[in-house]
Amino acid sequence: METRRSFCRICHAACPIEVDVEGSTVVAVRGVKDDPLFEGYTCVKGRHLPEQHADPHRVRGPLRRDGDGFVPVGLGQALDDIAATIGRIIAEHGPRAVATYIGTGGFQSSTAVATTRMWHRAVASPSFHTSITIDQPAKTTAPARIGWWDAGFHSFRSSDVSMALGYNSLVSSYAPQGGLQGTNPFVELRRAKARGMKLIVVDPRRTELASFADLHLQVLPGEDATLLAGLLHVVLRDGLHDVAFCEAHVDRLAELEAAVVPFPPAYVAERCGVTADEVVVAARLFAAGPRGIAGTGTGPGMSPRCSLTEHLVTALNVVCGRVNRAGDRINNPGILGGGRPFRAQVVAPRPEALTRGEPSRVRGLRGYRGQMPTNALADEILEPGEGRVRALVVIGGNPVVAWPDQRKTVDAMAALELLVVLDHRLTPTAEMAHFVLGSKLPLERADVTHIMDPWFEAPYANYTDAVVEPDGEVLNEWELIWELSRRMGTTVELPGGPLPIDRKPTDDEVIALAYATSRVPVGEIRRNGARIYDELEVVVEPAEPGASARFALAPPDIVAELAEVRAEASSAVVLSGFDPEVHTFRLVSRRLKAVLNSLGTEMPSIRSKGSTNLAYLHPDDLADLGAADGDLVEISSPRGTIVGVAAAADDLRRGVVSMAHSWGDGRLHDERVREIGTPTNRLVDNADGFDPITGQAVQSAIPVLVRPVRP
């Protein structure tokens, strides 16, 4: 038996691992104890990677639809047919009719996004979509409205106070900038607490992270914008903000202060379900700092008014001056993104960038940051007329259970002329495809730590070669793009040059082309393996002469939206059909330790820990419903109904249902809920209550009615 080093890619954290291999068989996985950043940490998902490779149901070769089922087909023939159909659709309907969607699984490949994005440019199709636009998309748009600090905000390791709104990085292993990341998170948190860092957690559930908090605000779901407005009210009213920083770098502070005047602690407490004292204590504790950061996660990012929430949390950081100043050392300047100076100055807001993207055909939405909004893609498929999407290539994603509005999504998948899915499993989406292509598993390909590159708490990078040979006729994500490009005669331009068409490149060559501007050459990273590059010390430089850009804290649309929030009885009023007398619960999203969205349930050891996404409720709520642990409950929103398996959880506040998303299948009924769970996105209407900037649907803090299912 041989032991080889790699890093895990079942989630974003990129934990270094030692892999025991016997011939071509992956035998065991464990953490790397001498890794300088992770120090041996891994999670349960990564330690069960051998089961992915041994899975007898793994897709090990191309499948083509034949009636109601699939038949095996040669890889060359499948690719020929796919390329020919895409070419025909482009010729008949234009390039916009061909779309791709990269899901969470696709993001684990370091070359998938880069090659697919540039393939779209080569064929002149704007219909490029990823999971980013349905998972906290306001993080990508907020800087265009408010501005950004060129040297970045404070990091977790340098913080005296950290405020976590709606994320649980002790389970998800991923957090917003400045939050506790998944690199040995329990040890990092204990170290932070030992040095005196204060932790504020805002969550309707007493999560694993909240159990370490100095202050836990157990807010009503969906009221994050209200709470943040209240925190800003206290900070500005009591003069707790960084006056000098604001005078030098902030516009319209007085307008922001006026806009949050209607959010005093007493009102915020009543609206959010906390006490006025908690609001005041949280504001003062955070403002005291002097260093620290507040950030939001999946909960607020999928709830009503997500763009406003993201704007307000950035505003809170700005008014408290939580930025790296001239002379500060940057914890991690990023390795793969290329070298640049970090200056103590504002990057000007560019709100016009949000109005210049490719227009969607529905709801007045537009593309942003080089992508089209995924929340509108089902409509783009179903809506007749010029520009209708007729072909979709899904890379490492599972739209049938992941996209908002499951009923509409299922109809859209069925309406496509061509649906191609690249995945290692026969997912509910793959079951509807015309072609299913087997994907290489992470241990069968080379990669570099691209997702976490800007988020590591140190200038750290890792590179892995393939640990074992591919099992079957399977493809890396870039290989699919290369095969289509070769057949269609298109050129995929990457930062280091075009993908060669006359010969098939290697993983290493494609990675080198994709990250040609890396601060450390990728060849050197490959030779070094896991390493912290402390020699790449970067210190914040003074502002450029004449730098005059300022943060825009209170643009008119933000002021107007704050007034709308103040006029609401609750955030749920953004959804038509909401009845406060009927929909008395709020369903919130949650992460699970053993799975990532729909990924992981295919592994037997993980399935043995739970085969469904339980509907967690407070024990008193269950008692009032006349239900008990293990009973079935019917959960209905203004849009639809699902059935869940009830579980008592005293870490929840009353009136909350907590469920993981991306479970179940596409059959729109829940007879097998105990075996496969149920998709919470069936409760969601993607055209109702959506965010006008990002198109984000309300996928958390969903108003619901809960009733027991009687035998």
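The values are calculated or read from the model by the stated rules, or taken from the named source; none is laboratory data. Treat the numbers as computed from the prediction; the structure is a model and nothing was measured. Please note: Cβ atoms are built from the backbone with ideal geometry, for glycine as well, and neighbour counts cover all protein chains shown.
When residue 303 is tested against (1) assigned to a helix (DSSP H, G or I); (2) modelled with pLDDT of 95 or more, only condition (1) is not met.
Residues are listed down the side, and each one gets a yes or a no for (1) among the hydroxyl-bearing types (Ser, Thr, Tyr); (2) surrounded by 24 or more Cβ atoms within 10 Å (Cβ to Cβ); (3) touching a Lys or Arg at 6+ places or on another chain (Cβ under 7 Å); (4) modelled with pLDDT of 95 or more:
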{"residue": "394", "(1), (2), (3), (4)": "no, yes, no, yes"}
{"residue": "401", "(1), (2), (3), (4)": "no, yes, no, yes"}
{"residue": "416", "(1), (2), (3), (4)": "no, no, yes, yes"}
{"residue": "426", "(1), (2), (3), (4)": "no, no, no, yes"}
{"residue": "431", "(1), (2), (3), (4)": "no, no, no, yes"}
{"residue": "441", "(1), (2), (3), (4)": "no, no, no, yes"}
{"residue": "445", "(1), (2), (3), (4)": "no, yes, no, yes"}
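Go through the range 352-372 and count every residue that is in a strand (DSSP E or B) and either surrounded by 15 or more Cβ atoms within 10 Å (Cβ to Cβ) or of a type in the set (D, E, K, R) (or both). The qualifying residues number 3. Only residues that are closer than 21 Å to residue 170 by Cβ and in contact with an Asp or Glu (Cβ under 7 Å, 6 or more places away or on another chain) were counted in the range 1-28, giving 2. Right, residue 400: touching a Leu at 6+ places or on another chain (Cβ under 7 Å), outside any loop (DSSP other than H, G, I, E, B) and of a type in the set (Val, Ile, Thr) or not? In short, no.
The set of residues in the range 261-277 being in contact (Cβ under 8 Å) with a residue 40 or more places away in the chain and in contact with a His (Cβ under 8 Å, 6 or more places away or on another chain) consists of 263, 268. Going residue by residue through the range 388-409, is there one that turns out to be more than 30 Å from residue 58 (Cα to Cα) and touching a residue at least 24 places away in the same chain (Cβ under 8 Å)? Looking through the range 388-409, at least one residue is more than 30 Å from residue 58 (Cα to Cα) and touching a residue at least 24 places away in the same chain (Cβ under 8 Å).
Yes or no: residue 572 in contact (Cβ under 8 Å) with a residue 12 or more places away in the chain, crowded, with 19+ Cβ neighbours inside 10 Å, in contact with a helix residue (DSSP H, G or I) (Cβ under 7 Å, 6 or more places away or on another chain) and of a type outside the set (Lys, Arg)? No; evaluated as a whole, the condition is false for this residue.
Tell me yes or no: at least one residue of the range 89-109 is in contact with a Ser or Thr (Cβ under 6 Å, 6 or more places away or on another chain) and surrounded by fewer than 19 Cβ atoms within 10 Å (Cβ to Cβ). Scanning the range 89-109, I find at least one residue that is in contact with a Ser or Thr (Cβ under 6 Å, 6 or more places away or on another chain) and surrounded by fewer than 19 Cβ atoms within 10 Å (Cβ to Cβ), so the answer is yes.
Check whether at least one residue in the range 652-662 is within 20 Å of residue 171 (Cα to Cα), modelled with pLDDT under 95 and outside the structural domain of residue 373 (by TED's automatic domain parsing), and report yes or no. Yes: one or more hits. Out of the residues in the range 616-642 that are in contact (Cβ under 8 Å) with a residue 60 or more places away in the chain and of a type in the set (Gly, Ala, Ser), state the one that is surrounded by the fewest Cβ atoms within 10 Å (Cβ to Cβ). So, considering only residues that are in contact (Cβ under 8 Å) with a residue 60 or more places away in the chain and of a type in the set (Gly, Ala, Ser), the one surrounded by the fewest Cβ atoms within 10 Å (Cβ to Cβ) is 626. Just so you know, in the range 581-615 the residues that are among the polar types (S, T, N, Q) and at pLDDT 85 or above include one that is surrounded by the fewest Cβ atoms within 10 Å (Cβ to Cβ), and it is 584.
Considering the conditions (1) in contact with a strand residue (DSSP E or B) (Cβ under 7 Å, 6 or more places away or on another chain); (2) within 28 Å of residue 307 (Cα to Cα), residue 595 is excluded by exactly one of them, (1).
A quick yes/no check of all residues on (1) closer than 21 Å to residue 491 by Cβ; (2) without any contact (Cβ under 8 Å) to a residue 40 or more places away in the chain; (3) among the β-branched types (Val, Ile, Thr); (4) not in a loop (DSSP other than H, G, I, E, B):
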residue: 82; (1), (2), (3), (4): yes, no, yes, yes
residue: 87; (1), (2), (3), (4): yes, no, no, yes
residue: 100; (1), (2), (3), (4): yes, no, yes, yes
residue: 105; (1), (2), (3), (4): no, no, no, yes
residue: 115; (1), (2), (3), (4): yes, no, yes, yes
residue: 121; (1), (2), (3), (4): yes, no, no, yes
residue: 126; (1), (2), (3), (4): yes, no, no, no
residue: 129; (1), (2), (3), (4): no, no, no, yes
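Restricting to the range 482-540, name every residue that is of a type in the set (Asp, Glu) and without any contact (Cβ under 8 Å) to a residue 40 or more places away in the chain. Passing the criteria: 502, 509, 524, 535.
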